[in-house]
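The values are calculated or read from the model by the stated rules, or taken from the named source; none is laboratory data. Keep in mind it's a predicted model, so treat the numbers as computed, not measured. Here the Cβ is made from the backbone with ideal geometry for all residues, glycine too, and neighbour counts use every protein chain on show.
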Amino acid sequence: MADEVILLDYWPSMFGMRTRVALEEKNIKFDYREQDLFNKSPILLEMNPVHKKIPVLIHNGKPVCESLIQVEYIDETWPGGNPFLPSDPYQRAQAKFWGDFIDKKVYGPTRLIWGAKGEEQEAGTKEFIEMLKMLESELGDKTYFGGETFGYVDIAMIGFYCWFDVLEKCGNFSIEAECPKLIAWAKRCMKRESVAKSLPDSNKITKFVPELKKKIGIE
Amino acid sequence: MAERSEEVKLLGMWASPFSRRVEIALTLKGVPYEFSEQDITNKSPLLLQSNPVHKMIPVLLHNGKPISESLVILEYIDDTWKNNPILPQDPYDRAIARFWARFVDEQVYVTAMKVVGKVGVERDAAVEATRDLLKLMEKELVGKDFLGGESLGFVDIVATLVAFWLMRTEEVVGVKVVPVEMFPEIHRWVKNLLDVDVIKKCIPPEDEHLDYIRARMESLKLKSV
């Protein structure tokens, strides 16, 4: 019986990008279904009744919600190829810690950078740079966060890269100037087919953000 | 006395649900550990050194190597000590367990904190919002003894936050956030939990705990004035 894999997603979502990258890395054929978050589809509401959010991974009819949970599910269900998580329990814990850090600490400030003004926006920018520096310090001189192989933390973070351009414009700062190693890492990741296929062009995101602001009622 | 090759130390706090859940997991697996009570108002050098990113408890130190974030710690414990598994084996079941654990921490806990920290209309709204979230947990318990199924699992350990923190605040706050008429399954589940030795051993003693919650509530109200 062939696997049926559906991904309910929204093209600019850095969370959805994680799942796309994970599926591509494992060469899993999936049906990508673009969602309108301003007019949520019956399937989205049925498959994620608790949060009503994307991405939702539907495997043979059964939904898995939350992007990092999906990444781990994909790794556990299709164990071929490079595992996303190391086998050593301590290394695994470190990877999960940083994935959690990205969710808790990196995402929030980005919303202030493109969505807020004045002091709030400045505070968001400052916070974002601080968090990126922590990540960069964790990366060190490694090729990827996990070392030599592309894995969980790389997948957790890479979707933010296509948002860097618009964030820099809104916040009036240069990420490369602040975190050159992180930019070098991102460019290495972009060379991977799975990543190049899964991330939209930066300029698409940059054009999209003013439209998004109008839609959600921010000027 | 723990062997030098298996030194397990927990930097925790007696009244924290996040710290207690780690103790439940270690106790369930029969892992001997040293508990080090931390003063979070005056953080120790060891805590700051072991969790420089968040500077929070709990932190598990295994042979000197730190692991932070309680859900990460729980999974680490399960990966390291294979007896009495906490997470299910099947990848789909694991994904569901991880989903509900996050739900408890990111939704229920955040909303329930407002019940304690707010007053008046804001508190009422928080109670309503908490109940809406708990209705989802209630549904999950139908036909099951535990959230993990027949026996205590990952989600149960995480959700002790609901059973022994959220529900205990009812006494202090004077509001039945989780009335038995509305949540018979949750009440039945709490009774099931209290029948488990490891749980009984690891939850904070009720009287002291209530005193602590009372004191915290007072300090939160004072801050918001």
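The figures follow:
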{"item": "Residue match in segment A:62-84 (condition: in a loop (DSSP other than H, G, I, E, B), within 26 Å of B:Leu71 (Cα to Cα) and at pLDDT below 95)", "result": "yes"}
{"item": "Given (1) surrounded by 22 or more Cβ atoms within 10 Å (Cβ to Cβ); (2) charged (D, E, K, R); (3) touching a helix residue (DSSP H, G or I) at 6+ places or on another chain (Cβ under 6 Å), index of the condition A:Glu72 fails", "result": "(3)"}
{"item": "Residue ID - farthest from the other protein chains (Cβ to nearest Cβ), chosen from residues in segment A:86-129 that are within 16 Å of A:Ser67 (Cβ to Cβ) and of a type in the set (Phe, Trp, Tyr)", "result": "A:Tyr107"}
{"item": "Single residue of segment B:94-121 satisfying the filter (within 11 Å of chain A (Cβ to nearest Cβ) and closer than 17 Å to B:Ser19 by Cα) that is surrounded by the most Cβ atoms within 10 Å (Cβ to Cβ)", "result": "B:Ala101"}
{"item": "Total residues in segment A:113-123, condition touching a Gly at 6+ places or on another chain (Cβ under 7 Å) and buried (at least 21 other Cβ atoms within 10 Å of the Cβ)", "result": "1"}
{"item": "Scan of segment B:20-68 for residues that are charged (D, E, K, R) and either part of a helix (DSSP H, G or I) or closer than 21 Å to B:Leu152 by Cα (or both), ordered by number", "result": "B:Arg20, B:Arg21, B:Glu23, B:Lys29"}
{"item": "Number of positions in segment B:21-36 that are out of contact with any helix residue (DSSP H, G or I) (no Cβ under 6 Å at 6 or more places or on another chain) and either under 17 Å from B:Ile203 (Cβ atoms) or touching a residue at least 40 places away in the same chain (Cβ under 8 Å) (or both)", "result": "5"}
{"item": "Residues satisfying the stated conditions in segment A:1-33, i.e. assigned to a loop (DSSP other than H, G, I, E, B), among the charged types (D, E, K, R) and either within 18 Å of A:Glu211 (Cβ to Cβ) or within 18 Å of the chain's Cα centre (by Cα) (or both)", "result": "A:Lys26"}
{"item": "Segment B:71-93: number of residues that are assigned to a helix (DSSP H, G or I), farther than 14 Å from A:Arg92 by Cα and more than 7 Å from chain A (Cβ to nearest Cβ)", "result": "1"}
{"item": "Single match in A:Asp36, A:Asp75 (criterion: within 11 Å of chain B (Cβ to nearest Cβ) and either more than 14 Å from the chain's Cα centre (by Cα) or farther than 21 Å from A:Ile158 by Cβ (or both))", "result": "A:Asp75"}
{"item": "Single residue of B:Asp156, B:Asp132, B:Asp124 found to be surrounded by 22 or more Cβ atoms within 10 Å (Cβ to Cβ) and in a helix (DSSP H, G or I)", "result": "B:Asp156"}
{"item": "Wholly within segment A:95-211, helices (runs of 4 or more DSSP H) carrying at least 2 residues that are more than 19 Å from the chain's Cα centre (by Cα) and either modelled with pLDDT of 95 or more or charged (D, E, K, R) (or both)", "result": "A:118-139, A:161-171, A:175-178"}
{"item": "Condition check for A:Lys53: of a type in the set (D, E, K, R), within 17 Å of the chain's Cα centre (by Cα), within 25 Å of B:Leu133 (Cα to Cα) and not assigned by TED's automatic domain parsing to the domain that holds A:Tyr152", "result": "yes"}
{"item": "Candidate set from segment A:58-72 (those that are closer than 20 Å to A:Ile102 by Cα and not aliphatic (A, V, I, L, M)); member that is farthest from the other protein chains (Cβ to nearest Cβ)", "result": "A:Ser67"}
{"item": "Selection within segment B:131-168 - more than 25 Å from B:Arg94 (Cα to Cα) and modelled with pLDDT of 95 or more", "result": "B:Arg131"}
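This table checks each residue for (1) under 19 Å from the mean Cα position of the chain (by Cα); (2) surrounded by 13 or more Cβ atoms within 10 Å (Cβ to Cβ).
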{"position": "B:Leu11", "(1), (2)": "yes, yes"}
{"position": "B:Phe18", "(1), (2)": "yes, yes"}
{"position": "B:Val22", "(1), (2)": "yes, yes"}
{"position": "B:Leu26", "(1), (2)": "yes, yes"}
{"position": "B:Tyr33", "(1), (2)": "yes, yes"}
{"position": "B:Asp39", "(1), (2)": "yes, no"}
{"position": "B:Asn42", "(1), (2)": "no, no"}
{"position": "B:Leu46", "(1), (2)": "no, yes"}
{"position": "B:Ser50", "(1), (2)": "no, yes"}
